[in-house]
Amino acid sequence: MGVLHSSPTRRHSGRAAAEGGYPLEYRRIAPIMGHLWSPVAAVTSCYNGKTNVQIAVAIGAASIVPRKPRVVVQIYKGNFSHRMITRSRALALNFLRQDQWPLIRAFGFDSGKDRDKLAGVAYQVRATGCPVLDDCWGFLDCRVVNSMDAGDMTCFLADVVAGDTIGEGAPLWWRDARRFLPGDWLAEWDRKISAEIEISSRRMDLIDYTPWKPIEQGDHE
Ligand SMILES: Cc1cc2nc3c(=O)[nH]c(=O)nc-3n(C[C@H](O)[C@H](O)[C@H](O)COP(=O)(O)O)c2cc1C
């Protein structure tokens, strides 16, 4: 990862001052950035009778009001799930238990464009129409209320309309899961993420600033 630049907040000299900021090496902030990822969730969606699931860790709480809980969920535009969520305006977050780490590969390494990732997986359709896994640490069934374009991905703001905590203890975190994953899975993941970083670095500044307008059910891109 190259050198990023932030606004100067104190005096600097030399190269940093000449560049109008001070250099920030990614490795210096990697521990902070790494701690910002959420527990691992299987994000399920449903559109036009088709269901899908992907893995996500870019999820945050977005409400302080207990009677109106909200989340933000960041989904990459190349994902099949992006198309499903944009059109249905719904998603469910199925947070995984620690022993469910094999689902990271089953749901997060290839696309629902190519195969039905929920075939043989037990689930129930909930209020939003999204499948909720019978077996998970806890789930949030969510309806999208707005979204922000981020070039390579979309940040979806969603109301939590139903949910439950089913498992005991802590959910699965990616930083812990990495320790369980076999070496060839990690190598496969590293190849996938390297290719996606290339795509994202080309697209992330191509932000569409048009105010959000929900796509009507049945609309097509
Ligand atoms: C540990 C892990 C975390 C991930 N986090 C995200 C994420 O936060 N947002 C996202 O859009 N994709 C994320 N992905 C990638 C998608 O799960 C992956 O590209 C998936 O194959 C997309 O499936 P789909 O095309 O069926 O939607 C993650 C993958 C893994 C393995």
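Where a number appears in this text, it was derived from the coordinates with a stated rule and is not lab data. All of these numbers come straight from a predicted model, not from anything done at the bench. Positions of Cβ are generated from backbone atoms using ideal geometry, with glycine treated the same way; all protein chains shown enter the neighbour counts.
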**OP:** Please indicate, with yes or no, whether at least one residue in the range 52-62 is over 24 Å from Trp101 (Cβ atoms) and either within 16 Å of the ligand (Cβ to nearest atom) or not in a strand (DSSP E or B) (or both).
**Re:** yes
Original post:
Are any residues in the range 117-140 free of Cβ contacts under 8 Å to residues at least 24 places away in the same chain and either closer than 15 Å to Gln54 by Cα or assigned to a loop (DSSP other than H, G, I, E, B) (or both), and if so, which ones?
Top reply: Ala119, Gly120, Ala122, Asp134
Subject >> Asp149 being among the acidic types (Asp, Glu) and in contact (Cβ under 8 Å) with a residue 12 or more places away in the chain >> reply: yes
Subject >> Which listed residue, of Thr44, Thr154, Thr86, is assigned to a strand (DSSP E or B) and either basic (Lys, Arg) or farther than 30 Å from Arg179 by Cβ (or both) >> reply: Thr154
**OP:** Tell me, please, whether a residue that is without any contact (Cβ under 8 Å) to a residue 24 or more places away in the chain and assigned to a helix (DSSP H, G or I) can be found in the range 166-181.
**Re:** yes
Subject >> Arg97 within 16 Å of Val121 (Cβ to Cβ) and not aromatic (Phe, Trp, Tyr) >> reply: yes
**OP:** Looking at (1) within 19 Å of Ser38 (Cβ to Cβ); (2) surrounded by fewer than 15 Cβ atoms within 10 Å (Cβ to Cβ); (3) not hydroxyl-bearing (Ser, Thr, Tyr), find the lone condition where Arg202 falls short.
**Re:** (1)
